[in-house]
Structures are given as C-alpha cells and as structure tokens.
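The values are calculated or read from the model by the stated rules, or taken from the named source; none is laboratory data. For clarity, every value in this text was computed on a predicted model and none was experimentally measured. All Cβ positions, even for glycine, are placed from backbone atoms using ideal geometry, and neighbour counts span all protein chains on display. These area figures cover heavy atoms from the full protein model, side chains too; ligands, DNA and RNA do not enter into them. Shrake-Rupley method; radii C 1.70, N 1.55, O 1.52, S 1.80 Å.
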Amino acid sequence: MVRRVLVTGGNRGIGLAIVHRCLSDHGDTHVVLACRSASRGEDAVAALITERPDWKARLTVLEIDTSSDGSVRAAAATLEGSCGNPALYAIVNNAGIASGTVAEILNVNVRGPKRVDDAFGPLLDPLEGRVVQISSGAASGCVSRSSPDMAAFFTNASVSWREISGLLEAVEANPDLEAHGIGAAMGAYGLSKALLNAYAMALARERPELKVNACSPGMVATDIMGSFLPWWVPLPNAAVRFLATKLAGAKTPDEGTVSALHLLFSEELEGNGRYYGSDAKRSPLDRYRSPGSPPYAGP
Ligand SMILES: NC(=O)c1ccc[n+]([C@@H]2O[C@H](COP(=O)([O-])OP(=O)(O)OC[C@H]3O[C@@H](n4cnc5c(N)ncnc54)[C@H](OP(=O)(O)O)[C@@H]3O)[C@@H](O)[C@H]2O)c1
C-alpha cells in the first residue's frame with residue numbers, strides 16, 4: 001500500500017529535504033510536492049529525478065499557495081479527483097515565511113496550515129493519518145517573553161481554533177504585539193509558531209484518530225535566514241546560508257529533517273498534539289530545551 005505524503009513548500013529548503021528523505025528512506029511513499037509555483041516545483045522534481053530517475057513515478061507536483069483559500073481548495077479537489085479518498089497518509093505543513101507584515105506572517109504560518117488541514121484533512125487515512133506542523137524554537141521565545149495570561153493561552157492544552165482565531169483577529173486589527181502582552185521573538189514570527197503549536201493541540205483533540213504533532217527543525221541554513229537580517233544588510237541568500245553555517249553552526253536542510261521524519265514515520269509516537277525539538281525529543285512550549293538534554297515529560 002502506497003503512503004502518499006503531501007509536503008507544502010516542498011520545492012526548496014527543509015521542505016525539499018523532507019521530500020528527498022521520504023523518497024530515499026521510505027520506499028512505500030509517493031510524495032505530493034506542493035508549492036506555490038508549479039514551475040519551481042517541476043524544477044525541484046527535475047533535480048530529484050536527475051539523481052534517481054526511478055523517483056519520477058513517486059512524485060507529483062501540486063500547485064498550492066497556502067495563503068489563499070481558493071488555491072488550497074482547488075488543489076485538494078485536484079488531489080481527490082486523481083487519487084480518491086483516502087488519498088493521503090500525511091500532511092507536512094512546512095511552507096512558512098519570516099518577513100512581511102504581521103498579518104502576512106500569520107496568514108502563511110498559522111492560517112495556512114489550518115487552511116491546508118481543513119481542505120486536505122478529509123483526505124487523510126482515518127486509520128493511520130498524520131499531520132506534522134513545522135514550527136520553530138522561536139515559539140517558546142515568544143511564550144517566555146509574553147505576559148502570564150498570554151503564556152497561559154499559548155500553553156493551554158484545551159485551546160480551541162475559535163480562541164486561536166480570536167487572537168489572530170485581534171493581532172491583525174492591532175499588530176502592536178506588546179499591547180496584547182505578546183512577546184516579540186524574531187518579530188511576529190515567534191508568535192506565528194507559538195500559535196501553530198497551540199493549533200496542533202487543538203487539531204489533535206478534534207481529530208484523535210490522527211497523529212498530529214509539531215516540531216522544530218533547529219537552526220538550518222536556508223533562504224529564510226535572510227529574513228531575519230535588518231534591511232540594511234542586503235546579503236544574497238547564498239552568503240547568508242554560508243555565514244550561518246560557518247559562524248553560527250546552522251545545520252544542513254537534510255539535518256533539519258530529523259524531527260519531522262520521526263513524527264511522520266515513527267511507530268513509537270506517544271501522545272498527540274505535542275511539540276518536539278530538533279532532536280525528535282519532546283519539548284516544552286514555554287521554554288527552550290537544548291537538543292540532547294532530557295526530553296520534556298510534563299503534561
Ligand atoms: N531554517 C530554519 O532555521 C528554520 C528554523 C525553524 C523553523 N523553520 C521553518 O521551516 C519551514 C521551512 O523553512 P525553510 O527554512 O526551508 O525556508 P525557505 O527555504 O525559505 O523555504 C520556505 C518554503 O515555503 C514556501 N512558501 C512560502 N510561502 C508560501 C505560500 N504562501 N504558499 C506555499 N508555499 C510557500 C516557499 O516557496 P517559494 O519557493 O515559492 O517561495 C519555500 O518552498 C518554515 O515553516 C520555517 O518557519 C525554519
């Protein structure tokens with residue numbers, strides 16, 4: 001039985017590395033490489049099948065702009081039309097941004113995964129389906145800098161999407177994070193990932209038949225790093241990736257797949273709606289746990 005895995009933002013960076021690992025390490029998978037530009041997706045597929053021509057039969061490009069309801073719904077209809085139901089073993093919500101307005105970051109990093117899960121969730125195998133939310137250590141940075149009330153919100157295991165959506169609307173209306181008691185961590189990026197972790201808990205409760213979890217890839221040398229530089233440091237992405245690797249010890253995209261692959265394929269996943277560090281060990285939502293230190297064992 002083929003396990004079909006959808007990876008958003010699968011054309012480059014960590015998403016492409018997850019696609020590569022699925023193909024190389026899990027021979028029973030078919031990867032739906034989702035990306036907002038079909039041509040960039042085809043370029044990524046061309047590079048993959050240059051390396052391994054036999055992967056061609058195990059790859060499909062699906063155009064999805066996760067910031068758009070229409071694009072996501074149309075893509076889900078296309079997939080269902082071609083594969084039937086259940087069409088999917090897993091969804092990896094990897095597409096993400098770290099630059100733009102607060103509303104744009106929240107739209108792609110929080111509303112995007114929700115959109116994708118709403119549209120593609122019904123296509124998941126109810127017996128063994130999984131959802132992996134690609135979060136970030138910046139999430140706990142946001143929680144630890146937030147007011148006690150907001151920290152309680154981000155870590156509330158009973159949080160609902162309605163409550164998350166209420167906070168999104170409040171921040172979209174007034175993007176001054178401090179006014180809401182929200183700690184800035186890499187600007188609004190940390191907030192977006194703290195809300196993504198909260199949403200993972202909500203979705204896990206809503207769909208207990210699935211395995212829904214979030215993870216950090218760690219610090220990985222990809223193009224997104226350039227987003228964290230001030231505008232007056234206009235370095236090309238390749239230079240940023242090089243410096244991040246040499247000076248800050250950033251990992252390769254492949255090294256950044258460890259936790260996502262664990263959440264995708266491990267038979268020993270305990271619990272649901274949890275957050276994992278880049279070493280594939282459980283981590284708390286409100287403080288940073290260094291990879292290699294004891295796993296979080298709290299509620
Ligand atoms: N790199 C790190 O250190 C790090 C650390 C923690 C978490 N993360 C998370 O890891 C994930 C992948 O990031 P990355 O480091 O691989 O960054 P990246 O190289 O910049 O890749 C981002 C990917 O997201 C896609 N994307 C952005 N907006 C999209 C949209 N509206 N619709 C569909 N696709 C969209 C991009 O597509 P285009 O090619 O079309 O732009 C690209 O494929 C993100 O969620 C990021 O927050 C990264």
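So GLU209 fits all but one of (1) charged (D, E, K, R); (2) touching a residue at least 40 places away in the same chain (Cβ under 8 Å); (3) in a helix (DSSP H, G or I); what number is the exception?
(3)
Only one residue in ALA44, ALA95 is assigned to a loop (DSSP other than H, G, I, E, B), in contact with a helix residue (DSSP H, G or I) (Cβ under 9 Å, 6 or more places away or on another chain) and either in contact (Cβ under 8 Å) with a residue 60 or more places away in the chain or under 18 Å from ARG12 (Cβ atoms) (or both). Which one?
ALA95
What tally of residues in segment 40-73 results from selecting those that are polar (S, T, N, Q) and near the ligand (Cβ under 10 Å from one of its atoms)? Before you say what the answer is, go through the steps one by one.
Initial filter on segment 40-73 (polar (S, T, N, Q)): 50, 60, 66-68, 71.
Okay, now just the ones that are also near the ligand (Cβ under 10 Å from one of its atoms), so 66-68, 71.
Result for segment 40-73: 4.
Filter segment 244-274 down to the residues that are more than 13 Å from the ligand (Cβ to nearest atom) and surrounded by 15 or more Cβ atoms within 10 Å (Cβ to Cβ) and list them by number.
Of everything in segment 244-274, those that are more than 13 Å from the ligand (Cβ to nearest atom) and surrounded by 15 or more Cβ atoms within 10 Å (Cβ to Cβ) turn out to be LEU261, HIS262, LEU263, LEU264, PHE265, LEU269, ASN272, GLY273, ARG274.
Let me spell it out: the conditions are (1) within 16 Å of the ligand (Cβ to nearest atom); (2) of a type outside the set (Ser, Thr, Tyr); (3) in contact with a Gly (Cβ under 6 Å, 6 or more places away or on another chain); (4) at pLDDT 95 or above, and ALA185 meets all of them except one. Which number is the exception?
It fails just one condition, (4).
Give me the residue from segment 223-257 that is at pLDDT below 90 and of a type in the set (Phe, Trp, Tyr) and, out of that set, farthest from VAL92 (Cα to Cα).
Out of the qualifying residues, it is TRP232.
Before we move on, is ALA173 among the aliphatic types (A, V, I, L, M), open to solvent by 70 Å² or more (accessible area, probe 1.4 Å), more than 18 Å from the chain's Cα centre (by Cα) and modelled with pLDDT of 95 or more? It would help to see each step written out before you state the result.
Numbers: among the aliphatic types (A, V, I, L, M): yes; open to solvent by 70 Å² or more (accessible area, probe 1.4 Å): yes; more than 18 Å from the chain's Cα centre (by Cα): yes; modelled with pLDDT of 95 or more: yes.
Considered against the rule, which asks whether it is among the aliphatic types (A, V, I, L, M), open to solvent by 70 Å² or more (accessible area, probe 1.4 Å), more than 18 Å from the chain's Cα centre (by Cα) and modelled with pLDDT of 95 or more, ALA173 comes out as yes.
Return yes when ALA34 is within 14 Å of the ligand (Cβ to nearest atom), assigned to a loop (DSSP other than H, G, I, E, B), buried (at least 17 other Cβ atoms within 10 Å of the Cβ) and under 18 Å from the mean Cα position of the chain (by Cα) and no when it is not. Walk me through it before giving the result.
On the way: within 14 Å of the ligand (Cβ to nearest atom): yes; assigned to a loop (DSSP other than H, G, I, E, B): no; buried (at least 17 other Cβ atoms within 10 Å of the Cβ): yes; under 18 Å from the mean Cα position of the chain (by Cα): yes.
So ALA34 fails the test.
Could you tell me whether any residue of segment 121-128 is farther than 21 Å from ARG274 by Cβ, within 20 Å of the chain's Cα centre (by Cα) and open to solvent by 60 Å² or more (accessible area, probe 1.4 Å)?
Taking every residue of segment 121-128 in turn, at least one turns out to be farther than 21 Å from ARG274 by Cβ, within 20 Å of the chain's Cα centre (by Cα) and open to solvent by 60 Å² or more (accessible area, probe 1.4 Å).
Of the residues SER158, SER140, which single one is among the small types (Gly, Ala, Ser) and part of a loop (DSSP other than H, G, I, E, B)?
Criteria check complete, one pass: SER158.
Just to be sure I understand, how many residues within segment 98-131 are assigned to a strand (DSSP E or B) and not charged (D, E, K, R)?
Residues meeting the conditions: 2.
Output the residues belonging to segment 1-31 that are touching a Ser or Thr at 6+ places or on another chain (Cβ under 8 Å) and either more than 13 Å from the ligand (Cβ to nearest atom) or on the phi > 0 side of the Ramachandran plot (or both).
If the condition is that a residue be touching a Ser or Thr at 6+ places or on another chain (Cβ under 8 Å) and either more than 13 Å from the ligand (Cβ to nearest atom) or on the phi > 0 side of the Ramachandran plot (or both), then VAL2, ARG3, ARG4, VAL5, GLY9, GLY13, ARG21, CYS22, LEU23, HIS30, VAL31 are the ones that fit.
Any residue in segment 94-110 that is over 26 Å from LEU229 (Cβ atoms), within 13 Å of the ligand (Cβ to nearest atom), surrounded by 15 or more Cβ atoms within 10 Å (Cβ to Cβ) and under 18 Å from the mean Cα position of the chain (by Cα)?
no
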